[in-house]
Amino acid sequence: MNSIPGTAGKTATMKSASDEPQPEKRPNVIRRLYQWVLHWAETPYGTPALFAISFAESSFFPIPPDVLQIALSMSRPRRAFFYAAVSAVASVLGGILGWLIGYALWRLVGDFFYAYVPGVTPENMDYVGGLYRENAFWAIFAAAFTPIPYKVFTIASGVFYEYVSLQTLIIASILGRSGRFFLVAGSIYLFGPSVKRFLETYLEIATLALFVLLVGGFILLKQFSG
C-alpha cells in the first residue's frame, strides 16, 4: 500500500518531539517554601531557623513552624520540649510584631499584605474585627492553638486596638501557642518516631478537636456552676 506523500516525515517529526524529555514542572511557591523550611533540620542552624520561622509566621510567613519543629524533634526527641519552647517564645514575639504592624503601619502596608500574604484579605480582617468585638481573648486563643491563620489575628488585633489590648494578645498567645507546640513535643517525647506521620497528617484536626473539647468543657462548667 502506498503511503500518503509527506506523512512519513510528519510522523517522524511527531515521534521525535514526543520522545524528547519534557521539562520538569517546578513546585509551586508554597511547596518550595515548605522544602526550604524543612531543609534547616539537616543543618547546624536548625534552632535559630526555628526561632526565625516561628517569629515570621506570626505576621507574614505562610509555612507553620510545626514543620521544622517536628523534624528537629524527631532527630533529637529529648530536646522536643526545648524546641517547643523556642517555637512558643518566638511565635508570641512575632505576634507582638503583628500587633504593632496593625496598630502603627497598617495604612501604609495593608495593600502589601492583601496582595502577598495568604489568608490576609479585607473580608477576613472584617470578620476577625467582629470576633474581637464579641470576645477578643477567645478569638486569639483559638487562632493561636488551631490551624486558623494566626497572622490574620495578630495584625487585626492592632488594627482593632480599641477591642484588643496588647496584654490580651500576649496572654492569649502564650496559652494558645504554648499549648499547640507543647502538644507536638509531648507526642514526640512519649511516642517517638512512630507518631511523625500522624502529626504531619492529623495535627490540624487534633488541635481543632481539642479546642472544641476545651470550649465545651468551659461551657459545661459554667452551666453547672450557675
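The values are calculated or read from the model by the stated rules, or taken from the named source; none is laboratory data. Every value quoted in this text rests on a predicted model; they were computed, and no experiment measured them. Heads up, the Cβs are rebuilt from the backbone with ideal geometry, glycines too, and the neighbour counts pull from every protein chain shown.
A few remarks follow.
- Only a single criterion out of (1) under 22 Å from V184 (Cβ atoms); (2) among the hydrophobic types (A, V, I, L, M, F, W, C); (3) surrounded by 15 or more Cβ atoms within 10 Å (Cβ to Cβ) is not satisfied by W36, namely (3).
- Cβ-Cβ contacts under 9 Å between residues 6 or more apart (or on different chains), taken from a first residue in the range 96-112 that is farther than 19 Å from F55 by Cα to a second residue that is hydrophobic (A, V, I, L, M, F, W, C) and assigned to a helix (DSSP H, G or I), are listed as G110/M125; G110/I155; G110/V159.
- Failed item, numbered, when T43 is tested on (1) modelled with pLDDT of 90 or more; (2) closer than 30 Å to A104 by Cα; (3) not hydrophobic (A, V, I, L, M, F, W, C): (2)
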